[in-house]
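Colleague: Sharing a structure below in structure tokens format, with a few things to ask.
What follows draws every value from the coordinates through simple rules; no lab data is involved. What you are looking at is a predicted structure, and each value in this text was computed from that prediction instead of being measured. Cβ atoms come from the backbone with ideal geometry, glycine included; neighbour counts cover every protein chain shown.
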Amino acid sequence: MACVHDFGIIEEFDSQKSYNDYTPEKYDCVSVDDDIISNLSQNLSIMKT
């Protein structure tokens, strides 16, 4: 199994809720291969989130 990173958008973030469960289907996540993320890591590290 390839190493991937899943990205999704939480429309309404509730600070009182625990987001510890891994549920990519709930947030319509998109999987991105680790090789792509590794190539972008320097640029991503300076991005505000």
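Colleague: Find which of N43, I9, T23 sits farthest along the positive direction of the dipole of the chain, computed with +1 on the beta-carbon of Lys and Arg, -1 on that of Asp and Glu, about the Cα centre.
Modeller: Working it through, the farthest residue towards the positive pole turns out to be N43.
Colleague: Summing -39500 (n - 2.57) over the DSSP H runs of n ≥ 4 in the chain and dividing by its residue number, what mean residue ellipticity at 222 nm do you reach, to the nearest 500 deg cm²/dmol?
Modeller: Rounded to the nearest 500, it is -7500 deg cm²/dmol.
Colleague: Using 0.36 nm times the number of residues separating L44 and Y27, minus their current alpha carbon distance, what extension gain do you get?
Modeller: Extra length available between L44 and Y27 comes to 4.0 nm.
Colleague: Taking the Cα atoms only, what angle lies between the long axis of helix 34-45 and the longest principal axis of the chain, rounded to 10 degrees?
Modeller: For helix 34-45, the angle is close to 80 degrees.
Colleague: Hey, another quick one. Between S18 and I37, how many nm apart are label points set 7 Å from Cα along the C-beta direction?
Modeller: 2.3 nm
Colleague: On to the next question. What fraction of the Cα pairs in the chain, stated in percent, has a spacing above 17 angstrom?
Modeller: It works out to 50 percent of all Cα pairs.
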